Amino acid sequence: MSMEFLDLPPLLGARGTLRLPGSKSISNRSLLLAALAEGETMIRDLLDSDDVERMLEALGTLGVECTREADGACRVRGVAGPFPVKQADLFLGNAGTAFRPLTAALALSGGEYRLSGVARMHERPIGDLVDGLLEIGADIEYLGNEGYPPLAIHPGQAAGAVVRVRGDVSSQFLTALLMALPLGGRETVIEVVGELISRPYVAITLDLMARFGVEVAREDWRRFTIPAGARYTSPGELFVEGDASSASYFLAAGAIGGGPVRVEGVGRHSIQGDVRFAEALAQLGAHIEMGDNWIEASAPGGGRLKAFDLDLNHIPDAAMTLAVAALFADGPCRLRNIASWRVKETDRLAAMAIELRKVGATVEEGADYLYIVPPARLRPAAIDTYDDHRMAMCFSLVTLGDCRVRINDPKCVNKTFPEYFRAFASIAQPVPVVAIDGPSASGKGTVAARVAAELGWHYLDSGALYRLVALAAIGEDVPFDDEAELEALARELPVRFEHARILLGDEDVTDRIREEDCAIGASRVAVLPAVRAALFDRQRDFRRAPGVVAEGRDMGSVVFPDAAYKFFLTASVDARAQRRYKQLIDKGIAATLHDLRNDLQSRDERDAARVVAPLRQLADAVLVETTSMTVEEAVSFVLENVRARQAREVG
């Protein structure tokens, strides 16, 4: 089965304003606390994502009434203590913010429960949390590998008032214990063994617990005391902040792509630690402004981010965005103290290193660090996302390097931000494309070359590429049936279009590729799928700042379907035959109008009957009927149309 993918075009820059979706961390914590509390809680701005849906499904199965309102809010009727349903089988996908806290809460609910998830969830460690729960009398059984889900939870016996948990693997273990222990009704002390990573996420937990009436005494992030008799009570209404981790992609876009880019829904008073990503960007030279409910980022005065060496233990999720931002720095960058990446949705250290190398970076991967040397120029790549939403979102930023990128399995963003790519497009400024399609001898090549020269943009003569492959093959003595060698030639073809001239390397081959051996070779290589795929990529690589004017037969329909400016150039068969006749006679080549007319008619019929991308005027293309037009008039028509639309877009 073929994998879904999303092709993102190269960008000129990024600017704009957008509102963030709700925070995943706050959403799932709020749902669980509201479920365990006495009273009814209205949670507003709740994130709509896969992870939150897994939590809502689980709570419903466990006897908690959760109702989605018309405005998107969620009304939760709390059960005032342990879950009333005492037997359940829960599937929690890859939602760590649901799996870990529910494990702890169910261990103290006195029932029989089974918890499972996707294959990756069964590779994410949970042994330290289970060990802590066993210390206070829980009865938990591993159903697969010891230390990992899936789990069977049985009724336990109250024991011990002190629980120890490692802090250097995942802060979610401590969060799970903190939220669940008030269900025990007695004073309990949590002692953290080792360094506590991701402290800002624990701070979110403590803040939300306090809003639900449970104050936890904290001693220097090493000792936490849950008071006896603690009970959750509903605050009535709770607003979920915008997701600060998600803000990082847009703030980085502003810092890399000029900006300003403003995100709304999170600001200087946020309870989320990932707002400190903005501080990291400022250290890289970005211009940052912040209000009560918004943050804005713009590029440094010099235009390029500074190289950095940062300890990012406090913002592990947002730190992934900095790994991609390193591609745009003025020197090598080091991200330190990020070992927790290895136990996330995927082994993010390994995955990030692999994918950064694809776009041209030199990367050294350590046990808890990445050392990244940015390339002189980014190269297009297909990015594997490993079913990890943050991999997909991070690598969209590569497009700000005047480089297209393909995101494999883009729907993985549904975990936390289903509308991410639409939101990214709202601030993106794609490299513009003028796509000029039309039948043979319609004048599209001449018009396109002159339009490109007037605009100062790049020019692509797509029809010449197959002839160029044939010419390169002739020069390299590559047989026309050697598909692998021809594909390699096509991918590395050193072609440039300069006005009306075609260069292969430094050689002007404008006339040479029109000779009969190149025409015959072009017809033979054009039927090879690998060559066609390679040239498809090559055509798209001509899309570079400040823009490209591309002419052919499928520029607007297949190669650049998102082109901002599409034209269909045509003329009557008689007019086109006359033009072709004049061209050939001027070159001293014998021809007859009758034969040329028949040839053009036959070619039109074949082009119109193609199964893939038949030649026709697209609904969004402007018709340019050139039968009675001079070249100058056709060029002026296209330019006036493009400039008028540019003016409207700016306005």
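Output yes when any residue across segment 253-266 is open to solvent by less than 10 Å² (accessible area, probe 1.4 Å), in a loop (DSSP other than H, G, I, E, B), over 15 Å from Phe424 (Cα atoms) and not charged (D, E, K, R), and no when none is.
Looking for residues that are open to solvent by less than 10 Å² (accessible area, probe 1.4 Å), in a loop (DSSP other than H, G, I, E, B), over 15 Å from Phe424 (Cα atoms) and not charged (D, E, K, R), one finds at least one in segment 253-266, hence yes.
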Inset, instruction - Please name all residue pairs, on different chains or six or more residues apart, with Cβ atoms under 9 Å, provided the first residue is in segment 66-78 and is within 19 Å of Glu38 (Cα to Cα) and open to solvent by 90 Å² or more (accessible area, probe 1.4 Å) and the second residue is hydroxyl-bearing (Ser, Thr, Tyr) and at pLDDT 95 or above. - result: Arg77/Thr41; Arg77/Thr67
Inset, instruction - State yes or no: is Thr103 assigned to a helix (DSSP H, G or I), touching a residue at least 40 places away in the same chain (Cβ under 8 Å), polar (S, T, N, Q) and in contact with a Leu (Cβ under 7 Å, 6 or more places away or on another chain)? - result: yes
Legend entry - Boolean, Met55 is in contact (Cβ under 8 Å) with a residue 12 or more places away in the chain, touching a Leu at 6+ places or on another chain (Cβ under 6 Å) and not acidic (Asp, Glu): yes
Inset, instruction - Determine which member of the set Leu471, Leu460 is in a helix (DSSP H, G or I), open to solvent by less than 40 Å² (accessible area, probe 1.4 Å) and closer than 25 Å to Arg514 by Cβ. - result: Leu471
Legend entry - Hits in segment 200-221 - residues which are in a loop (DSSP other than H, G, I, E, B), at pLDDT 95 or above and open to solvent by 60 Å² or more (accessible area, probe 1.4 Å): Glu215
Legend entry - Yes/no for Arg218 being free of Cβ contacts under 8 Å to residues at least 24 places away in the same chain, in contact with a strand residue (DSSP E or B) (Cβ under 8 Å, 6 or more places away or on another chain) and over 23 Å from Phe91 (Cβ atoms): yes
Inset, instruction - Tell me, yes or no, whether segment 281-300 has at least one residue that is surrounded by 23 or more Cβ atoms within 10 Å (Cβ to Cβ), modelled with pLDDT of 95 or more, assigned to a helix (DSSP H, G or I) and not aliphatic (A, V, I, L, M). - result: no
Inset, instruction - Look at Leu310 and say whether it is in contact with a helix residue (DSSP H, G or I) (Cβ under 7 Å, 6 or more places away or on another chain) and assigned to a helix (DSSP H, G or I). - result: no
Inset, instruction - Among the residues of segment 158-199, write down those that are open to solvent by less than 40 Å² (accessible area, probe 1.4 Å), of a type outside the set (A, V, I, L, M) and part of a strand (DSSP E or B). - result: Thr188
Inset, instruction - Please give the strands (runs of 3 or more DSSP E) falling wholly within segment 532-651 in which 1 or more residues are within 30 Å of the chain's Cα centre (by Cα), under 30 Å from Leu378 (Cβ atoms) and in contact (Cβ under 8 Å) with a residue 40 or more places away in the chain. - result: 548-552, 565-570
Inset, instruction - Check every one of the strands (runs of 3 or more DSSP E) wholly within segment 323-424 and list those with 3 or more residues that are open to solvent by 10 Å² or more (accessible area, probe 1.4 Å). - result: 362-365, 369-373
Inset, instruction - Would you please list the contacts, defined by Cβ atoms under 6 Å and residues six or more apart or on different chains, that run from a residue in segment 406-426 that is free of Cβ contacts under 8 Å to residues at least 12 places away in the same chain and under 14 Å from Asp384 (Cβ atoms) to a residue that is part of a loop (DSSP other than H, G, I, E, B) and open to solvent by 20 Å² or more (accessible area, probe 1.4 Å)? - result: none
Inset, instruction - Could you list all residues from segment 111-126 that are crowded, with 16+ Cβ neighbours inside 10 Å and either in a strand (DSSP E or B) or touching a Lys or Arg at 6+ places or on another chain (Cβ under 9 Å) (or both)? - result: Gly111, Tyr113, Arg114, Leu115, Ser116, Gly117, Arg124, Ile126
Legend entry - Qualifying residue in segment 331-338 (condition: within 27 Å of Arg100 (Cα to Cα) and over 23 Å from the mean Cα position of the chain (by Cα)): yes
Inset, instruction - Provide a single number: the residues in segment 133-157 that are in contact with a strand residue (DSSP E or B) (Cβ under 7 Å, 6 or more places away or on another chain), among the small types (Gly, Ala, Ser) and open to solvent by 20 Å² or more (accessible area, probe 1.4 Å). - result: 1
Inset, instruction - Would you be able to say whether some residue in segment 25-34 is in contact (Cβ under 8 Å) with a residue 60 or more places away in the chain and in contact with an Asp or Glu (Cβ under 7 Å, 6 or more places away or on another chain)? - result: yes
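Being in contact (Cβ under 8 Å) with a residue 12 or more places away in the chain, within 19 Å of Ala473 (Cα to Cα), β-branched (Val, Ile, Thr) and open to solvent by 40 Å² or more (accessible area, probe 1.4 Å) narrows it down to one residue among Ile502, Ile520; which is it? Even if it seems obvious, please write down each step before you answer.
On the way: Ile502 fails: open to solvent by 40 Å² or more (accessible area, probe 1.4 Å).
After ruling out the rest, the residue left standing is Ile520.
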Inset, instruction - Go through (1) within 24 Å of Phe173 (Cβ to Cβ); (2) in contact with a Leu (Cβ under 8 Å, 6 or more places away or on another chain) and name the single condition Ser25 misses. - result: (2)
Inset, instruction - Inspect segment 425-435 for any residue being out of contact with any Leu (no Cβ under 6 Å at 6 or more places or on another chain) and more than 30 Å from Ser246 (Cα to Cα) and give the result as yes or no. - result: yes
Inset, instruction - Go through the residues of segment 62-72 one by one and say whether even a single one is in a loop (DSSP other than H, G, I, E, B), modelled with pLDDT of 95 or more and under 20 Å from Val413 (Cα atoms). - result: no
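The values are calculated or read from the model by the stated rules, or taken from the named source; none is laboratory data. Since the model is a prediction, treat every value here as computed from it, not as a measurement. Positions of Cβ are generated from backbone atoms using ideal geometry, with glycine treated the same way; all protein chains shown enter the neighbour counts. Note: areas computed on protein heavy atoms with side chains; ligands, DNA, RNA excluded. Shrake-Rupley method; radii C 1.70, N 1.55, O 1.52, S 1.80 Å.
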